[in-house]
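FYI, it's all coordinate maths here, none of it is from the lab. Just so it is clear, the model here is predicted, and its values are computed rather than measured. Virtual Cβ from ideal backbone geometry, glycine too; neighbours counted across all protein chains shown.
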Amino acid sequence: MNQNNHLIEMADVVAPHIVETWVKGWSLAREVPPPVPYGSGFRTELGWADAKTRYVFPALSQECHTLAGTIHEPYVFIKVCAPAEALAALLPAPWEITTHAFMMACPGPMGSPKHPLPPGYRLEVITAAPVFIVRILTADGEEAAIGRIAITDGYAIYDRIATQPDHQRRGLGSIVMKALEETALANGVSQGLLVATPEGKALYESLNWQFLCPYTTAAIPAEK
């Protein structure tokens, strides 16, 4: 067995339908074209200046290496539910790992925030099914925190959860997440999926989210 095959066997495995649901919901939340099947994974054409196309695979396979060999420009991303070291070993030069993240699930219910909404803030829910947005605003209407869900295939896909730096460490992220869950439940959905950054993983774990697998991204570096 060569090293690449060994690393493929070591990679974490997540059910392909979970990845498909995540990709579909992510595309809805980002208002981009829906994903199309590509081998064992999916391709989404974004057309953004800094992100043209993204390929998402539920597991490492030789097709990741083959696909990478056909791409010779930056801003095309290969994303795989696998550890960074395993994906890095499979990709040819000049591909590099760009981000390390974590796919997580919450079968419900989510844990409650430790603190109520602080004075001087108000919660706003924007409904445009299948995408719902929760914002926390200051008294002056400044956006302090935001998050959204896209509902698809019986799941709520949580995306773009963020708290502005001047408003962090006040529990706003937990309040946004709980409000999003309440919105999902009101629409008949109790299961959630998201991809967490290393910084966000602890927040979600505190709310009873469970780690599913690593979620690693690679691309050809842009010229500086």
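Per-structure values
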quantity: Aspartates and glutamates whose Cα lies under 14 Å from that of residue 52, excluding same-chain neighbours fewer than 8 positions away; calculated: 73
quantity: Nearest-20 debye value, the chain charge dipole, Cβ charges on Lys, Arg, Asp, Glu; calculated: 320
quantity: Inter-centroid distance (Cα atoms) of the stretch 67-99 relative to the stretch 108-172, Å; calculated: 32
quantity: Bridge type composition, the stretch 121-210 - antiparallel percent by DSSP, nearest 5; calculated: 90
quantity: Convex hull projection area averaged over all views, the chain, Cα basis, nm²; calculated: 13.2
quantity: Positive-pole candidate from 184, 88, 158, dipole of the stretch 82-224, charges at beta carbon; calculated: 184
quantity: Highest-first arrangement of 197-210, 70-83, where packing means the average Cβ count within 10 Å; calculated: 70-83, 197-210
quantity: Label-zone membership for the stretch 20-61, site residue 72, 7 angstrom Cα→C-beta point, backbone N under 19 Å; calculated: 52-53
quantity: Cut-off 10 Å between beta-carbons: net charge of the residues surrounding residue 54, Lys and Arg +1, Asp and Glu -1; calculated: +2
